[in-house]
Amino acid sequence: MRKHGGIRHILARHVEGASHMAEGYTRATAGNIGVCLGTSGPAGTDMITALYSASADSIPILCITGQAPRARLHKEDFQAVDIEAIAKPVSKMAVTVREAALVPRVLQQAFHLMRSGRPGPVLVDLPFDVQVAEIEFDPDMYEPLPVYKPAASRMQIEKSCRNVNPGRTSGDCCRGRGN
């Protein structure tokens with residue numbers, strides 16, 4: 001981040017629009033990761049359409065939501081929506097961080113998962129008391145987790161081509177002559 005001048009904040013007027021802006025930012029240039037911030041309750045649910053779109057199209061975006069304090073979770077409190085449960089089906093990971101000391105690790109894991117395997121969105125939910133807690137963190141000690149990009153072996157590719165186009169050679173299939 002220091003190398004690129006930090007984080008550029010763009011204020012959106014609506015969280016749903018902001019989450020689609022994050023998706024567009026990721027799509028615009030290879031290597032970009034769009035991040036969207038929203039408050040608790042309805043703001044989190046407004047992100048679901050963009051999470052679904054990003055998941056369907058394998059677009060990595062990070063949605064960070066605020067949440068009611070931990071003591072009010074699962075008590076039908078004002079704006080204490082269980083966004084973790086709502087977002088899980090449309091994201092690679094949806095998690096409510098219940099311990100402030102875990103925030104750096106969860107964000108590290110989020111960036112790893114968004115870009116590893118089939119790319120996709122992640123939602124991190126931060127209760128208010130976790131947001132305002134102080135922790136020790138040395139940014140110079142941070143190391144991103146390696147991105148995992150699976151690759152098919154030649155034998156797997158040939159088998160897939162034979163299954164898709166019986167009677168054709170794998171060379172025909174792989175060169176687009178399987179029709």
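The values are calculated or read from the model by the stated rules, or taken from the named source; none is laboratory data. Please read all numbers here as calculations on a predicted model, not as lab measurements. Backbone-built Cβ (ideal geometry, glycine too); neighbour counts: all protein chains shown.
If we keep just the residues of the stretch 42-66 that are without any contact (Cβ under 8 Å) to a residue 40 or more places away in the chain and assigned to a helix (DSSP H, G or I), which is surrounded by the most Cβ atoms within 10 Å (Cβ to Cβ)? Step through it out loud before you land on a result.
Pass one, the stretch 42-66, residues without any contact (Cβ under 8 Å) to a residue 40 or more places away in the chain: 42-43, 46, 49, 52-53, 56-57.
So of that shortlist, the ones also assigned to a helix (DSSP H, G or I) come out as 42-43, 49, 52-53, 56.
On the way: Pro42: 12, Ala43: 22, Thr49: 14, Tyr52: 15, Ser53: 16, Ala56: 11.
In this case the residue turns out to be Ala43.
Candidates in the stretch 67-105 are the residues that are among the hydrophobic types (A, V, I, L, M, F, W, C) and assigned to a loop (DSSP other than H, G, I, E, B); of these, the one that is modelled with the highest pLDDT is Val97. Of all the residues in the stretch 144-156, those that are touching a helix residue (DSSP H, G or I) at 6+ places or on another chain (Cβ under 9 Å), assigned to a loop (DSSP other than H, G, I, E, B) and either of a type in the set (Val, Ile, Thr) or free of Cβ contacts under 8 Å to residues at least 24 places away in the same chain (or both) number 2.
When each of Leu51, Leu62 is tested for being in the same structural domain as Pro121 (by TED's automatic domain parsing) and in contact with a Ser or Thr (Cβ under 7 Å, 6 or more places away or on another chain), the lone residue that passes is Leu51.
Taken residue by residue, the stretch 75-82 has no member that is within 19 Å of Asp46 (Cα to Cα), in contact (Cβ under 8 Å) with a residue 12 or more places away in the chain and either touching a strand residue (DSSP E or B) at 6+ places or on another chain (Cβ under 6 Å) or not assigned by TED's automatic domain parsing to the domain that holds Thr26 (or both).
When we screen Pro89, Pro119, Pro69, Pro127 for residues that are of a type outside the set (Val, Ile, Thr), closer than 19 Å to Ala50 by Cβ, surrounded by 10 or more Cβ atoms within 10 Å (Cβ to Cβ) and touching a residue at least 60 places away in the same chain (Cβ under 8 Å), the only hit is Pro119. The number of residues in the stretch 9-41 that are in contact with a Ser or Thr (Cβ under 8 Å, 6 or more places away or on another chain), under 19 Å from Arg118 (Cα atoms) and either surrounded by fewer than 21 Cβ atoms within 10 Å (Cβ to Cβ) or not assigned by TED's automatic domain parsing to the domain that holds His112 (or both) comes to 2. Can Gly66 be described as within 15 Å of Val124 (Cβ to Cβ) and of a type in the set (Gly, Ala, Ser)? Spelling it out, Gly66 is indeed within 15 Å of Val124 (Cβ to Cβ) and of a type in the set (Gly, Ala, Ser).
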